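The values are calculated or read from the model by the stated rules, or taken from the named source; none is laboratory data. Note that this is a predicted model, so its numbers are computed, not measured. Backbone-built Cβ (ideal geometry, glycine too); neighbour counts: all protein chains shown. Accessible surface areas use protein heavy atoms only, side chains included; no ligands, DNA or RNA. Shrake-Rupley method; radii C 1.70, N 1.55, O 1.52, S 1.80 Å.
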Amino acid sequence: MGAGPFTKFRVIDLTTEIAGPFATKLFADYGADVVKVEPLHGDPSRSMGPFHEDDPHSEKSLLFLFLNCNKR
């Protein structure tokens, strides 16, 4: 957990796709402890490109990685 105005907050992120994960990314970027909880089948953004090295794998979605950096 880094420094920022929200360091005293913990956020449970149950959102999927783009808008919700982006909103909780902002909390994480400002220091909140954000915990990402995905549905059993995974967040749908895992299947959205672009993909690292053009490999459409659920662990290589650059969109998913961007939206969920700084989260646990």
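Average projection, convex hull of the Cα set of the chain: 4.6 square nanometres.
For the chain, the dipole from Cβ point charges (+1 on Lys and Arg, -1 on Asp and Glu) about the Cα centre works out to 400 debye, to the nearest 20. Expressed as a whole percent, the accessible surface of the chain that belongs to carbon and sulfur atoms is 63, based on a 1.4 Å probe. Round to the nearest 10 and give me the degree value, 0 to 90, for the angle of helix 19-29's Cα axis relative to the longest principal axis of the chain. Rounded to the nearest ten degrees, it is 50. Converting phi to 3J(HN,Hα) with the Karplus coefficients 6.51, -1.76 and 1.60 and the offset θ = phi - 60°, the stretch 56-61 yields x, 10, 4, 8, 10, 6 Hz in sequence order, with x at every glycine or proline. Here's the list of aspartates and glutamates a cross-link from Lys36 could span, going by alpha-carbon distance under 19 Å and ignoring same-chain residues fewer than 8 apart: Asp13, Glu17, Glu59.
Along the chain, the longest continuous region that contains none of the chymotrypsin sites (Phe, Trp or Tyr not before Pro) in a DSSP loop with at most 16 other C-beta atoms within 10 Å is 31-72.
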